[in-house]
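**Student:** So that we are looking at the same thing, I have put the structure below in structure tokens.
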Amino acid sequence: MMSGIDSFIRYLRIERNASPLTLKSYSEDLDSLLVYFAEEVGNTPDPSDVDVATLRGYVAYLHDCQYARSTIARRLACLRSFFKFCQREGLADSNPAKALRTPRIGRKLPHFLSTEQVAKLLETPVANEASGLRDRAMLETMYSGGLRVAELVSLNVESWDRDANVLRVIGKGRKERIAPVGSYAARALAAWIEVRSPCDNARPDDAGALFLNRFGRRLTTRSVGRMLTKHIQEAGLERITTPHTLRHSFATHLLDGGADLRSVQELLGHKSLTTTQIYTHVSTRRLRETYEQAHPHAARTG
């Protein structure tokens, strides 16, 4: 089992170009299965000895431990991928996880900011010092391009094509996409690059980073989270606002402004249109206005 897991993680890293976060998630999910075998079954079987009944016992164990349905669903998806790999490599005769039913998950609507709230947040960083110029450039870039925070911190100076005013972004699965840079973000980026200063002995990975910390090294996702928390408090916004909120707001405002779902899917880098469809709830106002203008019995009287 351990050998199979190691081979699977290596396959994800090398052949599938999975991101570090994806690798971490899969490793943790498979570690959970190993803990179940060790503590509840008493031994760790080979992949070929695992059947549907064994995995159903594992799912029952997860429910007994009161894991969220979303967590259980993610772990089942991991098991399906793992045993599919084992079957392909001849480590198992079949995929026992294929028959498992995924628990139904009620999708939560994403938290997003109004255009007024976004404007207030973007104006919070003090633009007369280096850290303020950097923070404003980061916030403008996340909102302008709908970037994930991991995508933001992985940007290099050369990622920005000034002539075309676009960013080359490396998203999930190491897939590259083009993200637009609006005029506000372009001005903020230009102002930040003028004062950007990597440390003298910076590592090659840090030297080319677009966004740097006060030590002249590449920012981490945690640093961006702390930065946003600070500006959220200063702007008086809800505490549930996170770096991903700007991505949600980006998609929401595009759809509310009339963008089609396929275009938003491409801009977000979503593999499936289903993932993007969660944002359609925000276009209710626009649809209502269209209805009232076009439907003959929608006009108000009096």
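Quick note: the coordinates plus some simple rules give every number you see, no bench work behind them. From a predicted model like this one, the values you see are computed outputs, not experimental measurements. As a convention, Cβ positions derive from the backbone with ideal geometry for all residues, glycine included, and neighbour counts pool all protein chains shown.
**Student:** Each residue of the stretch 16-24 in turn: what ³J(HN,Hα) in whole Hz from Karplus with 6.51, -1.76, 1.60 and θ = phi - 60°, glycine and Pro shown as x?
**Tutor:** So the J values, rounded to whole Hz, are 9, 6, 5, 6, x, 5, 5, 4, 5.
**Student:** Can you tell me the length gained on complete extension of the stretch S183 to S70, counting 0.36 nm per residue apart and subtracting the Cα distance?
**Tutor:** Contour length minus Cα-Cα distance gives 36.8 nm.
**Student:** Taking 7 Å along the Cα-to-C-beta vector as the label spot, tell me the A119-A190 distance in nanometres, rounded to one decimal.
**Tutor:** Placing both labels 7 Å beyond Cα along the Cβ direction yields 2.2 nm.
**Student:** Now a separate question. What are the extents of the Cα atoms of the chain along their three principal axes, listed from largest to smallest and rounded to whole Å?
**Tutor:** 71, 62, 35
**Student:** Now for a separate question. Using 0.36 nm per residue of separation minus the Cα-Cα distance, give me the extension gain between A60 and E39 in nm, one decimal.
**Tutor:** Value of the extension gain: 6.2 nm.
**Student:** Now for a separate question. Under the √(5λ) rule applied to the eigenvalues of the Cα gyration tensor, what semi-axes describe the equivalent ellipsoid of the stretch 2-99? Give them in Å, descending.
**Tutor:** 20, 17, 12
**Student:** Calculate, in nm to one decimal, what A77 and H111 gain on full extension: separation in residues at 0.36 nm each, minus their alpha carbon distance.
**Tutor:** 9.7 nm is the gain from fully extending A77 to H111.
**Student:** Hey, another quick one. So, R0 is 41 Å and r is the distance between the beta-carbons of R203 and D49; what FRET efficiency does that work out to, to 0.05?
**Tutor:** 0.35
**Student:** Can I ask one more? Once you keep just the Cα pairs under 8 angstrom separated by 6 or more residues, what percentage relative contact order results for the chain?
**Tutor:** Relative contact order for the chain comes out at 15 percent.
**Student:** Across the chain, how many lysine pairs, 8 or more apart or on two chains, come within less than 19 Å at their alpha-carbon atoms?
**Tutor:** Going through the chain pair by pair, I get 6.
**Student:** Between R262 and N17, with labels modelled 7 Å along Cα→Cβ, what's the label distance in nm to one decimal, could you check?
**Tutor:** 2.4
**Student:** Let me ask another. Would you work out the relative contact order for the stretch 115-243, in percent, from Cα pairs under 8 angstrom that are 6 or more residues apart?
**Tutor:** Taking the mean separation of contacting Cα pairs over the length of the stretch 115-243, I get 25 percent.
**Student:** Do the sum for the chain: with -39,500 (n - 2.57) for every DSSP H run of n ≥ 4, divided by all residues, what is the mean residue ellipticity at 222 nm, to the nearest 500 deg cm²/dmol?
**Tutor:** -16500 deg cm²/dmol
**Student:** Can you compute the FRET efficiency between S272 and E129 using 1/(1 + (r/R0)^6), with r the Cβ-Cβ distance and R0 = 41 Å? Round to the nearest 0.05.
**Tutor:** 0.45
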